[in-house]
1. What distance in nm lies between label points placed 7 Å from Cα along the C-beta direction at B:LYS34 and A:ASP262?
2. Sequence-distant or interchain residues sharing an amide H contact under 5 Å with A:LEU23, placed H: which?
3. Could you work out, residue by residue across A:306-315, how many beta carbons of other chains sit within 10 Å of that residue's beta carbon, and then give the average as an integer?
4. Quote the accessible area belonging to A:LYS67 in square angstrom, nearest 10, computed with a 1.4 Å probe and with ligands, DNA and RNA left uncounted.
5. Taking the Kirkwood radius as the inverse of the mean 1/r across Cα pairs, report the Rg/Rh of region A:247-348.
6. Give the calculated FRET efficiency between A:THR66 and B:GLN16 to the nearest 0.05, with a Förster radius of 25 Å applied to their Cβ-Cβ distance.
7. Largest first, what is the accessible-area ranking of A:TYR27, A:TYR150 with a 1.4 Å probe?
8. Share of chain A's accessible area from carbon and sulfur, percent, 1.4 Å?
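The values are calculated or read from the model by the stated rules, or taken from the named source; none is laboratory data. Treat the numbers as computed from the prediction; the structure is a model and nothing was measured. Cβ placement follows ideal geometry from the backbone for every residue including glycine, while neighbour counts extend to all protein chains displayed. For accessibility, only protein heavy atoms count, side chains too; no ligands or nucleic acids. Shrake-Rupley method; radii C 1.70, N 1.55, O 1.52, S 1.80 Å.
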Amino acid sequence: MCDQTFLAITFGPCDNCSETKPLMNIYVKNEPINYCSLCVERMACQGLGPNETLATLKTESETLKTKLEEERAKLHDAELHQVAEKVEALGQFIIKTRRTLKGHGNKVLCMDWCKDKRRIVSSSQVRPFRWRRHEHAVTMPCTWVMACAYAPSGCAVACGGLDNKCSVYPLSLDKNENLAAKKKSVAMHTNYLSACSFTNSDMQILTSSGDGTCALWDVESGQLLQSFHGHSADVLCLDLAPSETGNTFVSGGCDKKANVWDMRSGQCIQSFESHESDINSVRYYPSGDAFASGSDDATCRLFDLRADREVSVYSKDSIIFGVSSVDFSLSGRLLFGGYNDYTINVWDVLKGTRVSILFGHENRVSTLRVSPDGTAFCSGSWDHTLRIWA
Amino acid sequence: MARDMSDIDILKMELQQLQKEVKNEREPVSKTAKELVDWVEANSAEDILLKGVPEDKNPFKEKGGCIIT
């Protein structure tokens, strides 16, 4: 018997022009509609000006992208590692795990340091999830937390994830206090919350989401202060510029772009598209003039904001697993990257070479942050532990 | 929200963004890279992860052990 494939075509009156024709069954904003092919084309062209078609818009876009690359290339008169040739090479690197924090009971997804440098908040994929603060575990009724952040004062913690929200929990020294009751929902997105960060005070929170936007919220009122549109896919990470350098932040997404935003106007100032896959982590260089990114394409990259281009790629043929998380040491000389192959690679930012590879975790490294005073860094992993390295 | 936008809207948004970015001011890499290097050198001394500290001053070193009385 031969295989026969049947193609079913709906034939009937078009929802739009009412003529009886072969229909295309499509979904617009989750609603099924049955339009004939002519009406589908007409609909696709709505929103275009005279003489504009999807094709002309695409061509114009490509032309501009080429022009942008040309402008950037004109100023590409040196390489970072060349300029850094005379810098003293790094000596032998001795860094090891000093503490292993167990007790999460499930994959650690994110963590943050308190400004007092000794406390850490972390979250995992547990129901209900736990906060680890000092050595007290505080249980809160929130599931699937993908992002957490300590407030600058150390008195509150923000978190969110698959609930599409970012909530703020005040912390108290009373272990018995029911913190769930004091939870304040601040941010509301239409898809998962991927990252959150307090700005310079406890009063405002910046969030990024799977809905493709970032947003700035007032904690007290829950009001949306500014929203940031520009990514064409999920936004996975964000980082605020060091306070001295002004009101900007950088975000990275599944559209392979890293965007730099002006927090007050909501405008995207600069955009970088050289990664070949999702950008999982972005972090500002300590001086604020550059930022690093880590991606599923197994590379970390350094982008110079004033030269408006990528200036370094940190990669090796032997590294094929994605980077989940990056952070700089205090001076910006070292870049730490947590990888999905369970390792942490340490890169010499200026020379572009790998300084060290750190083993220890028994599953993906999902999060990595250097302490505020630069004396240590903490890594969290799917192996249920957090490790402090110094 | 990106997920709800049609292809046309996304293209238009990208186009507007590109038109803005082309006009951005830029500096040559030779100048900016030098400034990055200078910043690192200026701050290297305080970078403990870079320079390391003697074991006895390391705040994360496990304390304890034997006490001889």
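1. Once both label points are built, they end up 2.9 nm from each other.
2. The answer is A:THR10, A:PHE11, A:GLY12.
3. On the way: counts 11, 10, 7, 3, 0, 4, 2, 0, 0, 0.
For peptide A:306-315, the averaged partner shielding equals 4.
4. Answer for A:LYS67: close to 90 Å² accessible.
5. On the way: Rg = 12.9 Å, Rh = 13.5 Å.
The Rg/Rh ratio comes out at 0.96.
6. Working: r = 17 Å, r/R0 = 0.69.
The computed FRET efficiency comes out at 0.90.
7. Values: A:TYR27 165, A:TYR150 15 Å².
Ranked list, largest accessible area first: A:TYR27, A:TYR150.
8. 50 percent
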